[in-house]
Number of protein chains: 2
Amino acid sequence: MTLPQTEGRNRVIIEGITPQVDGGRFAIKRSVGDLVRVEADIFTDGHDSVAAALLVHREGSAQWTEIPMEPLVNDRWTASFRVKDLGRYGYKVHAWVDHFATWRRDLQKRIAAQTDTRVDYLIGADMIEAAAGRATVEPDAHWLNDCAAALRAEATPIELRPIATTAQLEHLMLRYPDRRYTTESSRELPVTVDPVRARFSSWYEFFPRSTGASADVHGTFADAEKMLPYVAEMGFNVVYLPPIHPIGHKFRKGKNNNPQAEPGDCGSPWAIGSAEGGHKAIHSQLGTRESFGHFIAAARDLKLSVALDIAFQVAPDHPYVAQHENWFKKRPDGTIQYAENPPKKYQDIYPIDFESTDWKGLWEELKSVFTYWIDEGVTIFRVDNPHTKAFPFWEWAIGEIKREHPEVLFLSEAFTRPKVMYRLAKIGFSQSYTYFPWRNDKEGLIEYLTETSQTDVREYFRPNQWPNTPDILTEFLQTGGRAAFMVRHMLASTLGANYGIYGPAFELQEHVPIREGSEEYLNSEKYEIRNWDLEKGTSLRPLIAKVNAIRNENPALQNDWSLRFHYTDNPELLCYSKESEDRSNLLLMVVNLDVHYTQSGFVTLPLVDLGLPEDAPYDLEDLLTGRTYQWTGPRNYVELHPSHLPGHILRIQPRPAAQVSTVTVV
Amino acid sequence: MTLPQTEGRNRVIIEGITPQVDGGRFAIKRSVGDLVRVEADIFTDGHDSVAAALLVHREGSAQWTEIPMEPLVNDRWTASFRVKDLGRYGYKVHAWVDHFATWRRDLQKRIAAQTDTRVDYLIGADMIEAAAGRATVEPDAHWLNDCAAALRAEATPIELRPIATTAQLEHLMLRYPDRRYTTESSRELPVTVDPVRARFSSWYEFFPRSTGASADVHGTFADAEKMLPYVAEMGFNVVYLPPIHPIGHKFRKGKNNNPQAEPGDCGSPWAIGSAEGGHKAIHSQLGTRESFGHFIAAARDLKLSVALDIAFQVAPDHPYVAQHENWFKKRPDGTIQYAENPPKKYQDIYPIDFESTDWKGLWEELKSVFTYWIDEGVTIFRVDNPHTKAFPFWEWAIGEIKREHPEVLFLSEAFTRPKVMYRLAKIGFSQSYTYFPWRNDKEGLIEYLTETSQTDVREYFRPNQWPNTPDILTEFLQTGGRAAFMVRHMLASTLGANYGIYGPAFELQEHVPIREGSEEYLNSEKYEIRNWDLEKGTSLRPLIAKVNAIRNENPALQNDWSLRFHYTDNPELLCYSKESEDRSNLLLMVVNLDVHYTQSGFVTLPLVDLGLPEDAPYDLEDLLTGRTYQWTGPRNYVELHPSHLPGHILRIQPRPAAQVSTVTVV
């Protein structure tokens, strides 16, 4: 016969709180300035009115900001807040029975039916007097006590009615509610607030060693620095470098992944570590700590963030191997286990054994790799194959690092099974590579982008879309010619607020695979130094610069969540819109997915949903060409020629900014 | 720099476990003998194989039963168990990296590519030797050690291959897995196991006071006992009685809810309590503890369970009012607050105040009402308006009662908003009234029944479908004539495994409302004694008996979850099927929703899903008429006449029982 230890009179139920990830086990993600719209099912037994508040604080702080919740329909309530600062927030919901609201509601009914009695007013007077006792300001207490006294005076219901129904009374009673029996939602729900760049970023990846005077000359950070204006002028804001550490000599791979390196072959930057040093060292041919610092500073001057590649694997000559033998798997013959995908062997790479008896020492050391580079000025890390390292390590390491450095971002390079990719996002990765490279048809694009932008997945998984990478030269790019590169760039950059390209291979349309059926490049930069002709006439540089400028000027393209696909009557025409939070900036994209033929058809827009006039024409400006159009009604004609431009980016006539719902800045 | 206190080498992730209700906050519900099919997303980093087990126990027991989980697709795993006993079970998932499975898989690939080396076998030998150390049976340890030694012998890979790939080795390695680094799912998930009657029940409600010789004579339990064979012969298995307690005299309502009772008016059984006693007393005109006990015993002999109505509200003369004044709300004028729905007043009823300072005393007393009647032999309670009493009370009371009496069932009579109804089910009510009375068209029926039988709702919410109750005479029944009663009975009893009728009003087609637009009966039994002519020629008794017999003989109709709707080309024809767990019993229902006109059309069956031949005819027997049909292909013609029968209950030719997946009885 055990009665609950807790208060049994907390009668309000709170359930179904959104957003939340796995019941609060993981944080939802936002960027600085973003809105968090919270909803919950809130109700009580019987017919009593309820009231509810959303409580928000900086994680760990004792100071909570309270935001009254408003009822929607079907027992659903909502309130919103805007996150102002980097770091972690927490939110929870409080709800309680509002006896005064019940009384007031019932009194209105009684007044309407003329069944109100003196006793009804006396009941109200008791509640008002109690509220006076809770008042924190003397004039309020005074006013409420006067009101209670007036309701208790000898008078008829008709005389008492106006006293009981003033707006001032309602206002003050809302200010001093009776919250003795308050239900609190079961678990504080966490929010991670990242820099805006987590939501909106344009990445440019290049190999610094390929920036020398010729393919025979190993480029340095000083050479790479000269590349930065080229990247900045194209409108990118993140420069991402493959690993910059010393490259192993043992079992070094030659050009085109040849198992036998020739003398002079530069090796793969992902075969990390040599006598020169490991993950905290710089490959001497690239430069020094100082020249890397100079590179970062030069990038910063151009408003470019530098992203570093962190690949937790080692070459056989990495110092870890000698210093921490037990971080690697030993084979019965005394050798260390190299990487394998049987029957393939990768003797140039030793994977780290996360079941090491010294896992604590290992975790600390790997974490210190990040903090080392953070101290050197790096704020973004592209993490190589995080899915081949233990999940608990990532959750711990990212959590620890972001506690100290909430400005740091982590991009997960996991091209693997969906649940694995989503888990990495849940445990802390700020952005994630996606299946975008292999979504080339209309159906596939709509299905995948809808999943990532319109379902709960978006609360923790931020897609970063790449048409190519040094590992991925898709068949579409191999075979589709220049138009294929244009289309994939336009899709990556207008479907996703975060995107990137591996250049200059991309803008120069490098498209020959090492062999048919492979997605590896012929003469891949992973294994050799290349020299790129950046001024080549066929370069897509002008188009990329144009699109990036449009992205930078239009908030509609700086978020993922507003993406909506629209009907077209042609399977090769993909139509979608995006808009800014205040709805003043609305862009309509129409892309021709066919890289060979002109395609035309009608697009159908949901005018009401988009806030467009049903009975008047509206103007559209193609931001790529400057041409203007006037459309009328939902159905309009479009025609696109693949050799010319991949599609339209139409800005619909500017509209006044919508009133964004009142929010509280915490 | 805080490292986790827990083991960092538990590399396997377990998430998305189903079934679960609100993350394990509430129990899923099953009946004795039911299957629990558990699924979870299970994966680890990298390419290692994983293994997983479902662990089940009686709640609180230290003894766990382990069931190996099997992979499905996309990192989803499953295992099932069958619950044997009443009470509470708990389940959780364990998963670990299976290095031996990884080794074995990779070895197969190496053998195929002829790249296997002696070292590969030595690695296996180490694992096998370690397993020998874990063996709990000497011969197994011996065998494994021998095997390890054989793999370590001087021999070529070709010689070692057969030793490493025997089935016996795989078998023994599965028996002694290396589970040092095991991930456990975050929370034990609870299961409530109820009697089979929770899943399959046929309720008959009647007023015992209406079983006297005439409407002028107050019936007794002895009279009511004579009604039991009538009910049993109709095939019901639950007899439900409105409250049997003393009826209040103060503000007693007269016939047809007249605010002024005439002398001799019997009052409403829901106005509980008088000088005679309260919720633990018996209305003296009905009988005594002894005669009620006799009634229960007589019912039991007929395999009828007796369900009692528990309504936690009191008449002004209920003993609680004097003894526990603080269980009720006091008004400033010293009177007790009666029930209200402003401007309507119900002065004959005092609601209980769940914000009483003595809420602990109140909870204990209310719980003791149930235990009192359980001690008297009652095992089922129909709870009146549970949504007007505090949720925390129900969760506590039902939890406590079911801990002692897991055989007891609670039916929630809450006709209110959906989230409130579902919450009551989550916190413990075994069955629930539903919106079924007001779902009369095809679309509404399909939508609602799909929600309750095919979504997660079914894990905790068991619908009990009533075409009528003493409070609900729907417009459909008022205006549809005899056919309307037939249709609603057929729908209630074949759509839902749990259903009930309020009789004899139902079978005698009582259909006149107190006034137009009301769902209240004219001359309602709630306020007066009625005398029913059970032998009336137009009674639906034979049809009801027939349908109940079909329900009792066909397991397909004894579950809700197998319900599937099928396409018909006529909006008045509703077609659906149900089948037994082993699929051997398959019934197809076709109902004419139009109570006025003959309707005909084609039904389309998904032959493959139903296990029916695509290229051969199949036989159907109408269990209502005994007529047989032979159909071919998916599309067949049906014609139904409302005056004759409401529909078909077609048993499709018996099929061999399917192999029900191997399950472990716990």
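Okay, here's what the table says:
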item: Top-ranked residue in region B:525-569 [being assigned to a helix (DSSP H, G or I) and open to solvent by less than 10 Å² (accessible area, probe 1.4 Å); ranked as farthest from residue B:651 (Cα to Cα)]; result: B:544
item: Yes/no for residue A:572 being in contact (Cβ under 8 Å) with a residue 60 or more places away in the chain and surrounded by 14 or more Cβ atoms within 10 Å (Cβ to Cβ); result: yes
item: Selection status of residue B:423, among the basic types (Lys, Arg), within 20 Å of residue B:307 (Cα to Cα) and not assigned by TED's automatic domain parsing to the domain that holds residue B:35; result: no
item: Condition check for residue A:554: under 30 Å from residue A:259 (Cβ atoms), modelled with pLDDT of 95 or more and of a type outside the set (A, V, I, L, M, F, W, C); result: no
item: Set B:105, B:179, B:197, B:161: member being within 11 Å of chain A (Cβ to nearest Cβ) and either open to solvent by 40 Å² or more (accessible area, probe 1.4 Å) or not in a helix (DSSP H, G or I) (or both); result: B:105
item: Some residue of region A:303-322 being assigned to a helix (DSSP H, G or I), more than 14 Å from every other protein chain (Cβ to nearest Cβ) and within 30 Å of residue A:222 (Cα to Cα); result: yes
item: Among (1) within 13 Å of chain A (Cβ to nearest Cβ); (2) open to solvent by less than 40 Å² (accessible area, probe 1.4 Å); (3) more than 30 Å from residue B:581 (Cα to Cα) - the single one residue B:140 does not satisfy; result: (1)
item: Unique residue being closer than 22 Å to residue A:493 by Cβ, in contact (Cβ under 8 Å) with a residue 40 or more places away in the chain, in a loop (DSSP other than H, G, I, E, B) and touching a Pro at 6+ places or on another chain (Cβ under 7 Å) when the list is A:595, A:591; result: A:595
item: Residue selected from region A:348-362 under the condition under 32 Å from the mean Cα position of the chain (by Cα) and under 20 Å from residue B:97 (Cα atoms), by the criterion surrounded by the most Cβ atoms within 10 Å (Cβ to Cβ); result: A:354
item: Members of region B:8-19 that are at the interface with another protein chain (Cβ under 10 Å from one of its Cβ atoms) and touching a residue at least 24 places away in the same chain (Cβ under 8 Å); result: B:9, B:10, B:11, B:12, B:13, B:15, B:16
item: Subset of region B:241-287 that is open to solvent by 80 Å² or more (accessible area, probe 1.4 Å) and acidic (Asp, Glu) - its residue that is nearest to residue B:524 (Cα to Cα); result: B:262
item: Meets criteria (within 14 Å of chain A (Cβ to nearest Cβ), closer than 20 Å to residue B:242 by Cα and part of a loop (DSSP other than H, G, I, E, B)) for residue B:506; result: no
item: Given (1) outside any strand (DSSP E or B); (2) open to solvent by 20 Å² or more (accessible area, probe 1.4 Å); (3) not β-branched (Val, Ile, Thr), number of the condition residue B:642 does not satisfy; result: (2)
item: Breaking point among (1) more than 30 Å from the chain's Cα centre (by Cα); (2) over 29 Å from residue A:551 (Cα atoms), for residue A:269; result: (1)
item: Residue A:587 being at pLDDT below 95 and open to solvent by less than 20 Å² (accessible area, probe 1.4 Å); result: no
item: Matching residues, region B:477-506, being open to solvent by less than 10 Å² (accessible area, probe 1.4 Å), over 22 Å from residue B:564 (Cα atoms) and without any contact (Cβ under 8 Å) to a residue 60 or more places away in the chain; result: B:477, B:485, B:505, B:506
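Listed here are the residues, each with its yes/no results for (1) part of a loop (DSSP other than H, G, I, E, B); (2) under 27 Å from residue B:365 (Cβ atoms); (3) in contact with a Phe, Trp or Tyr (Cβ under 7 Å, 6 or more places away or on another chain); (4) among the basic types (Lys, Arg).
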{"position": "B:218", "(1), (2), (3), (4)": "yes, no, no, no"}
{"position": "B:227", "(1), (2), (3), (4)": "no, no, yes, no"}
{"position": "B:240", "(1), (2), (3), (4)": "no, yes, yes, no"}
{"position": "B:253", "(1), (2), (3), (4)": "yes, yes, yes, yes"}
{"position": "B:260", "(1), (2), (3), (4)": "yes, no, no, no"}
{"position": "B:280", "(1), (2), (3), (4)": "yes, yes, yes, yes"}
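Quick grid of which residues meet (1) free of Cβ contacts under 8 Å to residues at least 60 places away in the same chain; (2) under 21 Å from residue A:508 (Cβ atoms):
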position	(1), (2)
A:219	no, yes
A:224	no, yes
A:238	no, yes
A:249	no, no
A:260	yes, no
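Matching residues to (1) of a type in the set (S, T, N, Q); (2) free of Cβ contacts under 8 Å to residues at least 60 places away in the same chain; (3) more than 14 Å from residue B:182 (Cβ to Cβ):
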site: B:42; (1), (2), (3): no, yes, no
site: B:56; (1), (2), (3): no, no, yes
site: B:62; (1), (2), (3): no, yes, yes
site: B:75; (1), (2), (3): no, yes, yes
site: B:89; (1), (2), (3): no, no, yes
site: B:93; (1), (2), (3): no, no, no
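Okay, residues lined up against (1) farther than 30 Å from residue B:106 by Cβ; (2) surrounded by 21 or more Cβ atoms within 10 Å (Cβ to Cβ):
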site: A:289; (1), (2): yes, no
site: A:292; (1), (2): yes, yes
site: A:309; (1), (2): no, no
site: A:329; (1), (2): no, no
site: A:337; (1), (2): no, no
site: A:341; (1), (2): no, no
site: A:368; (1), (2): yes, no
site: A:375; (1), (2): yes, no
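The values are calculated or read from the model by the stated rules, or taken from the named source; none is laboratory data. Just so it is clear, the structure is predicted and the values come from calculations on it, not from any experiment. Methodologically, a virtual Cβ is constructed for each residue, glycine included, from the backbone with ideal geometry; neighbour enumeration extends over all protein chains shown. The accessibility values were calculated without ligands, DNA or RNA, using every heavy atom of the protein model including side chains. Shrake-Rupley method; radii C 1.70, N 1.55, O 1.52, S 1.80 Å.
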